[in-house]
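K.L.:
Sharing a structure, written as structure tokens. Questions coming.
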Amino acid sequence: MRILLIEDDESLAEVVSKALTEQHYRVETVTDGQTGWEMAEAFEYELILLDVMLPGLDGIRFCQKLRSEHDRPSPSPNSRTPILLMTAQENSTDIVIGLDAGADDYLVKPFDVRELLARVRALLRRAGLERSPLLTWGRLQLDPGSCIVSYNGQVLQLTAKEYGLLELFLRRPQQIFSHNTLIEHLWTLDDIPTDNAIRAHIKGLRKKLKQAGAGDAIATVYGLGYRLREGEMGRKGGGGDEEDKGDKGDKGAVLS
């Protein structure tokens, strides 16, 4: 899930971003309100974490401006996106002003990161965006709550990107994902990968799934991209050819 973090305290932003990233949220961070507004106008997010005291455009005005977009002919893609205000002001009047401006929740600084994560989960749950209790494909299981992947009871050690790829495939088993679509879901704007890097992540995920006994879970659709293989277990045995062909086949394909 994609989160926009607008916070001018770089040390706090780093702590918050790291905590969210470890939970496999995709976080994009900016340090002033105006840049945050431009990001919110251009891209869709599932949640916005917003400091109140910001240069350029403060958090209260940001909330008011974003919520007023809902009544426009072409509203911002985030006019209804949940907003969590982060404020150093514990005064109840300031909190009321923030909520009346359009924020959905608030958190007073300094705060416990565990409370932040709990409030993030609550807001996503309230918006109908909570993570599924368990994603399965045969004996392959991914638990979004604990971020644990296992096959037949054996825990798989995946990188963050391999985990993100697998979660995306399991959530949308019928969809074919092009390179551009994978980038849109799993990478931030300052971390755009090359095609070769994406192939390397796919290859690494395939290898670990096969080593665990899950067979060829990820299929290459030549000229289009990748998808979860139909059927419960994929093809068993001799899977290396599919992996190699998939990677080579992509080199001449145009993925959009």
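The values are calculated or read from the model by the stated rules, or taken from the named source; none is laboratory data. Everything numeric here is computed off the predicted structure, so don't read it as measured data. As a convention, Cβ positions derive from the backbone with ideal geometry for all residues, glycine included, and neighbour counts pool all protein chains shown. Surface areas here come from the heavy atoms of the whole protein model, side chains and all, with no ligands, DNA or RNA. Shrake-Rupley method; radii C 1.70, N 1.55, O 1.52, S 1.80 Å.
K.L.:
Select, from S76, S11, the only residue that is polar (S, T, N, Q) and under 30 Å from E162 (Cβ atoms).
P.N.:
S11
K.L.:
Also: Note down all Cβ pairs under 8 Å where the first residue falls in the stretch 168-180 and is in contact (Cβ under 8 Å) with a residue 24 or more places away in the chain, the second is among the aromatic types (F, W, Y) and open to solvent by 10 Å² or more (accessible area, probe 1.4 Å), and they're at least six residues apart or on different chains.
P.N.:
These pairs meet every condition: L170/W137; P173/W137.
K.L.:
Tell me, please, whether a residue that is at pLDDT 90 or above and open to solvent by 60 Å² or more (accessible area, probe 1.4 Å) can be found in the stretch 159-167.
P.N.:
no
K.L.:
Turning to a different aspect of this structure: Considering only helices (runs of 4 or more DSSP H) fully contained in the stretch 1-105, which possess at least 3 residues that are within 24 Å of S146 (Cα to Cα)?
P.N.:
The qualifying helices (runs of 4 or more DSSP H) are 10-22.
K.L.:
Report the residue count in the stretch 169-185 for those that are open to solvent by 20 Å² or more (accessible area, probe 1.4 Å), touching a Leu at 6+ places or on another chain (Cβ under 7 Å) and of a type in the set (A, V, I, L, M).
P.N.:
The total comes to 1.
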